[in-house]
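Novice: Take a look at this one; I'll ask things after.
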Amino acid sequence: MLLIHCPYCEEERPELEFRHAGEAHIARPADIASISDEDFAQYFFYRDNPKGLTFERWRHIHGCARFFNAVRDTVSDKFVTTYKTGEPKPDLAEAANENKPQAKKGRGSK
Amino acid sequence: MTTAGTNRIAGKGRLTPANTVRFTFDGKSYTGLEGDTLAAALIANDVHLVGRSFKYHRPRGILSAGPEEPSALVGVRRDAARQTPNIRATVQEIHDGLDAVSQNRWPSLAFDIGAVNDIGSPLFSAGFYYKTFMWPKVAWKHVYEPVIRNAAGLGTAPEEPDPDHYAGRYAHCDVLVIGGGAAGLSAALAAAESGAQVILCDEKPSFGGALWFEEEARLDGMDGYEWAQQTTDRLAVMDNVRVLSRTTAFGYYAQNFVGLVERVTDHLAAPEADMPRERLWQVRAKRVIIAAGAIERHMVFANNDRPGIMLAAAARTYLNHHGVAVGRKVGVYTANDSAYAAAIDLKKAGSDIPAIVDIRDNPDSVVVEEAKALGIRVLTGHAVTGAGGKLRVASMSVEPKNGGSAEVIPVDALLMSAGWTPSVHMFSQSRGKVAWDEESQRFLPGTYAQDCVSVGACNGTDGLAETVAEALDAGERAAKEARAKAKKSGVKIKTEGGGKWAGGMIGAGPGAGAGKVVKAFVDYQNDVTAKDIRLAVQEGMHSIEHVKRFTTNGMATDQGKLSNLHGLAIAAEALDRPIPKVGLTTFRPPYTPTTFGAIVNHARGKLFDPMRCTPMHASEEAAGAVFEDVGQWKRAWYYPRPGEDMHAAVNRECRTVREVAGMFDATTLGKIEVIGPDAAKFLDLLYTNPFMKLGVGKLRYGIMCREDGFIYDDGVVGRIAEDRFHVTTTTGGAPRVMNHMEDYLQTEFPDLKVWLTSTSEQWAVIAVQGPKSREIIAPFVEGIDLSSEAFPHMSMAEGKVCGVPARVFRMSFTGEAGFEINVPADYGRMVWDTLHEHGKPMGMCLYGTETMHVLRAEKGYIIVGQDTDGTVTPHDAGLSWAVGKKKTDFVGIRGLMRPDIVAKGRRQLVGLKVKDGRTVLEEGAQIVADPKQAVPMTMIGWVSSSYWSENCGRPIAMALVEDGFERMGDTLYVPMPDRVIEVEVTNTVFFDEEGGRLHG
Ligand SMILES: [Zn+2]
């Protein structure tokens, strides 16, 4: 079970309190009724599904009930950061660096 | 000789001879000592043969003295319902009355018919499942599978439900220490004395790890095992420490979340009824210290599975802890130093050691000299190439390892040690990457993925002094990292003696090498031999993952704790590639078999899922309701009267509602209060219908879509005030609609001044429907003019009902004039009872969900999720009128313009009239245009709702049919297994088409 930091409650809470809510930073077009079929498809159907860092939404549904955004590594499952809805996308390069602390080496890796 | 077994050595071991325990094995009664495992007590009674193997039904004995045991699996039975198969005899503690049975043998352990598999074994070589039993295909089901299941099953599953209960707890700590040997105890002590909150667990009944058998180890000047007990006692009384024995850390999950299972009663003769059998601990630790030790490997040679052949350190445990000599004439076959200690201990205890066979040419160690000084014959550069005896080892064949004449040496037990494999299981489960250490030929912790550290033998640390120093340092550091205020522990531990874990060999020994057809077992539990692994490579398996699956090596319940490295080395040799290039499979939870009971613990039976009842539940029950499950809700389904079946009850309820009146519990509907200056604007965006102009005191049926234009939910929305709406949702849709609304409000329309509150649990909802509904409720309603003029269909008002505040909706899901009365939940039952008492003499009935379904279908009202399936638009459902034509935006507006949505050929909701006037169609049945076409037919739709309508005097149905609106009057066909049913396409309103009754 993951621990997730809610940027509104400002604390780490167990995954059971949260619900995943899909990819982040996909804004509903303001003029949605007049966009092209292609643009609508991009907006509604297409998702990135990357291996590595992903931007996604979560909801602290059994807590403060707020939706927020997170950067998570889909390989290690580790959260790099979480931030409030409406805040800008964090810098990926910076996030990637932060996500790679010098991994502790054991006796076996000489 | 004492009473507790012929092999018990007076003066040896730590158990008390007076504390005897009676138990049975295969029906025969034996005596053991308190503190014995079943394995120890059986060996004490000179029983080495304890089971038959999985595939070849070979006689099998006890290999180890711990949880890594692959071979000595037995059934343990407390009573008829408490029969557990595949219990490791080396883990199960004996108690008075313990009843154990051997497995996988028929008719008896000593004479097993299945053993012919051993003779016919070419059939059962690697990949035999894939090759032997593939053709002909039909034979699999009727011949191969029953035979294999019968022959290959390990143990018998109990047939009754598990009567035990299991507990579960969450725990948080600064430092979790896994393993309570010298390393784990030292680490825990250092962390605890630094002030950290510590949990220490070990799978054995008492702490000490290798100190159970390492008699020469001394800590702080005392016997190692004694030190371990004193240290445990010291830790146990500290407020900041929790000590858990008989507790296995079985799974290491994300962010230092570790699953432990504590065995609470399996070792007790008469557990108290309220004790859980096991307890699951879900631990979140800031730091984890893994002190899991190392597991001794066996030697791979012909017939290395004969009962009486076991790991050297296991023999030391039986001797030094249990006071049991595993044999009187004990041979030793080793590739490292540690087995010498076993020979020396046994020799000193009076057993004869005919020879130590050491595969090394020039072992140079004090223990070798010590063994020689005791007069033990040491044959260096030699190998054991075979074992004699069948039900018990009788001899070992010894040859110079590079060839030469064999000598057969009689033995009654044979100890072996190929070296020690560091237990990197938990480290690997934590997603750490192991690395191959060429020098010591071991996989060791490489790159860490979590906040944990390995210490002692599992980290490849050799020697007691080094282990303790490393563990103390790790404990202190973990405390400091987890807790800013940690102090210096000041713990110092003096050590003397202790064994080394390095050295040894991996792979097959001489005599079991390439080209040899002998049965030299690598994996005892799955009967995998060295030859099987070579065969797998020969047949093209080049990765260890493929070899593993082809041979099943390491895939039994012991997960290859003994066999993985041997298997890997044999495959690497056959492939002529270095070991790390062939790869090690990843370790996954659970470390040892874990019961489902522990995993689900309290979450079974009534506690599996919450049960939701409405406030009126007890009254409905008293009225004889039959309930159905709708999600977590219990809903009154129908109210049978004496002599009525469901059909009769529903027919009567349906008639009564239309002729007089009926009362229905609609409490389970979802309810959301939408408040704020922008509330109307928000609903206008969330529903397809227009809401800006809905008057205060008016109701509107609303449809909610997703952005793709498909119906997501529906419900009636009432405007309480300019800035306040009472929204209802479907019963099942309540949480997701709330989530959907919150999502848009928080993330897409955050500027709207709106607040959403779920009020589903706050209101009890009583629907009174039918021609007499007004008459029935009128005497109890205050402050609302109920006349049709003042309060027409689709109105709402606040007032009082039965003296309590109420929101009364004039609405209908039946097509009759009717009311839905919302009162605070706590008053629900009182209002229900009052109205029931009053309405009953007037002819009113109670009706349940089944009647509700029929009545709404008679009127063509849809149920989202029954008449829609997530691909149905409002237009498809015939609800175009509910889509605001002038609206410039709402969720779904763009989706409804997509080419596929506006194209022809969409499935549309229509009514079906069954031509024979009698047959009720099956819901879900497929519809075709031409019943004579070839199979598979082209299906053009399916039946979504179908009932017998007592009010129409015929069956009614709704269906989603391709271009259904253009097929009015057409004949279509519903092919069933036994016949084809003819239907006519109609509209969906079957009763009171003009809708006059609504306004009565
Ligand atoms: Zn929160």
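The values are calculated or read from the model by the stated rules, or taken from the named source; none is laboratory data. Quick caveat: nothing in here was measured; it's all calculated off a predicted structure. With ideal geometry, Cβ positions are generated from the backbone for all residues, glycine too; neighbour counts draw on all protein chains shown. Surface areas here come from the heavy atoms of the whole protein model, side chains and all, with no ligands, DNA or RNA. Shrake-Rupley method; radii C 1.70, N 1.55, O 1.52, S 1.80 Å.
Novice: Using only protein heavy atoms and a 1.4 Å probe, how much accessible area in total is buried between A and B, to the nearest 100 Å²?
Specialist: Separately minus together, A and B give about 3100 Å² buried.
Novice: With a 1.4 Å probe on protein heavy atoms only, tell me which residues of segment B:884-901 lose at least 10 Å² of accessible surface in the complex relative to the chain by itself.
Specialist: Residues meeting the cut-off: B:T888, B:D889, B:I893, B:R894, B:M897, B:R898, B:P899.
Novice: Can you tell me which aspartates and glutamates have their Cα less than 17 Å from the Cα of B:K904? Leave out same-chain residues fewer than eight positions away.
Specialist: Qualifying aspartates and glutamates at Cα under 17 Å: B:D876, B:E962, B:D963, B:E966.
Novice: Within 10 Å, count the other beta carbons around each residue, average over each peptide in B:640-648, B:614-622, and list them highest first. Could you put the intermediate results ahead of the total?
Specialist: Values: B:640-648: 12.1, B:614-622: 19.0.
Highest to lowest by the protection proxy: B:614-622, B:640-648.
Novice: Average partner chain C-beta neighbours within 10 Å, per residue of B:445-454?
Specialist: 4
Novice: May I pose another question? As a test of the definition: which semi-axes, in Å, follow for the protein assembly as shown when you take the square root of five times each eigenvalue of its alpha carbon gyration tensor? Largest first, please.
Specialist: Working: eigenvalues 979, 226, 180 Å².
After diagonalising the Cα gyration tensor, the semi-axes are 70, 34, 30 Å.
Novice: Using only DSSP helix segments of four residues or longer, with each worth -39500 (n - 2.57), what per-residue ellipticity at 222 nm results for chain B after dividing by its residue count and rounding to 500?
Specialist: Values: 24 runs with 208 residues, N = 1000.
Per the formula, -6000 deg cm²/dmol.
Novice: With a point put 7 Å past each Cα toward its Cβ, work out how far A:E94 is from B:E466 in nm, to one decimal.
Specialist: 4.5 nm
Novice: Amide H to amide H, which residues 5 or more places from B:F443 or on other chains are under 5 Å from it, using H placed in the peptide plane?
Specialist: Under 5 Å from the amide H of B:F443 lie the amide H atoms of B:D437, each far enough along the sequence or on another chain.
Novice: Let me ask something else. Go through the cysteines of the protein assembly as shown and tell me which have no other cysteine Cβ under 4.7 Å away.
Specialist: A:C64, B:C173, B:C201, B:C452, B:C458, B:C613, B:C654, B:C705, B:C802, B:C845, B:C952
Novice: Now a separate question. Quick one: check the C-alpha center-to-center distance for segment B:424-466 versus segment B:636-670, whole angstrom.
Specialist: 68 Å
Novice: What is the percent of Cα-Cα separations in segment B:605-742 that go past 26 Å? Walk me through the numbers on the way to the answer.
Specialist: On the way: 3883 of 9453 pairs.
For segment B:605-742, the fraction of Cα-Cα distances above 26 Å is 41 percent.
Novice: Average the reciprocal distances over every distinct pair of alpha-carbons in segment B:301-417, invert the result, and give the Kirkwood radius in Å.
Specialist: Numbers: mean 1/r = 0.0729 Å⁻¹.
Result for segment B:301-417 stands at 13.7 Å.
Novice: Let me ask something else. Evaluate peptide B:834-847: per residue, the Cβ atoms of other protein chains within 10 Å of its Cβ; return the mean as an integer.
Specialist: Values: counts 0, 0, 0, 0, 0, 0, 0, 0, 0, 0, 0, 0, 0, 0.
That works out to 0 on average.
Novice: Mind checking the per residue accessible area of segment B:506-577 for me, 1.4 Å probe, whole number of Å²?
Specialist: Numbers: 2460 Å² over 72 residues.
With all protein chains present, segment B:506-577 gives 34 Å² per residue.
Novice: At a threshold of 8 angstrom on Cα-Cα distance, excluding pairs fewer than six apart, so keeping six or more, what relative contact order does chain B reach in percent? Show your work: numbers first, answer last.
Specialist: Values: 2427 pairs, mean separation 88.5, N = 1000.
So the answer I get is 9 percent.
Novice: Quick one: compute the contact order of segment B:841-960, relative version, from alpha carbon pairs under 8 angstrom and 6+ residues apart, as a percent.
Specialist: Details: 140 pairs, mean separation 32.8, N = 120.
Over segment B:841-960, the number comes to 27 percent.
Novice: Determine the relative contact order of chain A: mean sequence separation of Cα pairs under 8 Å and six or more apart, normalised by residue count, in whole percent. Before the final figure, lay out each step's value.
Specialist: Values: 146 pairs, mean separation 25.3, N = 110.
Once divided by the residue count of chain A, the mean separation gives 23 percent.
Novice: Let me ask something additional. With all distinct Cα pairs included, what does the Kirkwood hydrodynamic radius of segment B:1-95 come out to in Å, to one decimal, could you say?
Specialist: On the way: mean 1/r = 0.0726 Å⁻¹.
When all Cα pairs of segment B:1-95 are included, the Kirkwood radius is 13.8 Å.
Novice: Under a 5 Å amide H to amide H cut-off, with H placed in plane at 1.01 Å, what residues pair with B:H298 once short-range neighbours are removed?
Specialist: Hits under the 5 Å cutoff: B:A418.
Novice: Going down the table (B:K500/B:K561; B:K204/B:K561; B:K286/B:K487; B:K286/B:K494; B:K28/B:K347), which pairs top 25 Å between alpha carbons? Walk me through the numbers before you get to the answer.
Specialist: Values: B:K500/B:K561 20 Å; B:K204/B:K561 17 Å; B:K286/B:K487 17 Å; B:K286/B:K494 29 Å; B:K28/B:K347 31 Å.
From the list (B:K500/B:K561; B:K204/B:K561; B:K286/B:K487; B:K286/B:K494; B:K28/B:K347), the Cα-Cα distance tops 25 Å for B:K286/B:K494; B:K28/B:K347.
Novice: Using the Karplus equation 6.51 cos²θ - 1.76 cosθ + 1.60 (θ = phi - 60°), what ³J(HN,Hα) coupling, rounded to whole Hz, does each residue of segment B:600-615 give in order, writing x for Gly and Pro?
Specialist: 7, 5, 6, 7, 9, x, 5, 8, 5, 8, x, 10, 10, 10, 7, x
Novice: May I ask you to work out the translational diffusion coefficient for segment B:511-669 at 10 °C, viscosity 1.306 mPa s, via Stokes-Einstein with Rh from the Kirkwood sum over Cα pairs, reported in whole µm²/s? List each step's numbers first, then the result.
Specialist: Numbers: Rh = 21.4 Å.
Using the Kirkwood radius from Cα pairs, D works out to 74 µm²/s.
Novice: If you don't mind, there's one more thing I want to ask. What are the aspartates and glutamates whose alpha-carbon lies under 12 Å from the alpha-carbon of B:K772, with same-chain residues fewer than 8 places away excluded?
Specialist: B:E659, B:E816
Novice: Could you state the per residue volume, in Å³, of the convex hull enclosing the Cα atoms of segment B:670-759? Walk me through the numbers on the way to the answer.
Specialist: Working: hull volume 7.1 nm³, N = 90.
In segment B:670-759, the Cα convex hull volume per residue is 79 Å³.
Novice: Still on this structure, please answer the following. What fraction of the Cα pairs in segment B:506-577, stated in percent, has a spacing above 16 angstrom? Don't jump to the answer; show the numbers that get you there.
Specialist: Values: 914 of 2556 pairs.
It works out to 36 percent of all Cα pairs.
Novice: Quickly rank B:601-608, B:624-631, B:224-231 as a protection proxy: mean count of other C-beta atoms within 10 Å, highest first.
Specialist: Numbers: B:601-608: 11.9, B:624-631: 15.2, B:224-231: 21.1.
Sorting B:601-608, B:624-631, B:224-231 by mean packing, highest first, produces B:224-231, B:624-631, B:601-608.
Novice: Enumerate the amide H contacts of B:G388 below 5 Å, restricted to partners 5 or more residues apart or on another chain; note that Pro and chain-start residues carry no placed amide H.
Specialist: For B:G388, whose amide H was placed from the backbone, the distant partners under 5 Å are B:A394, B:S395, B:M396, B:S397.
Novice: Right, another one. Taking only pairs that are 8 or more places apart or on different chains, how many Lys pairs in chain A have Cα atoms under 17 angstrom apart?
Specialist: Working: A:K51/A:K78; A:K51/A:K100; A:K78/A:K100; A:K78/A:K104.
Close lysine pairs found across chain A: 4.
Novice: Calculate the translational D of segment B:898-999 in whole µm² s⁻¹ from Stokes-Einstein, where the hydrodynamic radius comes from the Kirkwood formula applied to all Cα pairs, the temperature is 10 °C and the viscosity 1.306 mPa s.
Specialist: Values: Rh = 14.3 Å.
Here the translational diffusion coefficient equals 111 µm²/s.
Novice: Using +1 at the Cβ of each Lys and Arg and -1 at the Cβ of each Asp and Glu in segment B:670-759, identify which of B:Y701, B:P735, B:L685 lies farthest towards the dipole's positive end.
Specialist: Of the options given, the answer is B:Y701.
Novice: Once you charge only the Cβ atoms, +1 for Lys and Arg and -1 for Asp and Glu, what is the size of the charge dipole of chain A about its Cα centre, to the nearest 20 debye? It would help to have the intermediate numbers written out before the result.
Specialist: On the way: 17 positive and 18 negative charges, 152 e Å.
I would put it at about 740 debye.
Novice: Which percentage, to the nearest 5, of the DSSP beta bridges contained in chain B is antiparallel? Write out the running numbers ahead of the final one.
Specialist: Numbers: 138 of 183 bridges.
Expressed as a percentage, antiparallel bridges in chain B total about 75.
Novice: Hey, could you pull the Cα Rg and Dmax for chain B, both in Å?
Specialist: Just the Cα atoms of chain B yield Rg and Dmax of 37.9, 115 Å.
Novice: Tell me, what ³J(HN,Hα) does each residue in segment B:566-581 have, in order and in whole Hz, if you take phi through Karplus 6.51 cos²θ - 1.76 cosθ + 1.60 with θ = phi - 60° and put x for Gly and Pro?
Specialist: Those phi angles translate into 4, x, 5, 5, 5, 5, 4, 5, 5, 8, 6, 10, x, 3, x, 6 Hz.
Novice: Further, regarding this structure: Per residue, how much accessible area does segment B:898-999 have with a 1.4 Å probe, in Å²?
Specialist: Details: 5110 Å² over 102 residues.
I get 50 Å² per residue for segment B:898-999.
Novice: I would also like to ask the following. Tabulate in residue order the Karplus-calculated ³J(HN,Hα) for segment B:547-563, using 6.51 cos²θ - 1.76 cosθ + 1.60 with θ = phi - 60°, rounded to whole Hz; enter x for Gly and Pro.
Specialist: Couplings: 4, 4, 6, 5, 9, 6, 5, x, 9, 7, 5, 7, 6, x, 4, 8, 9 Hz.
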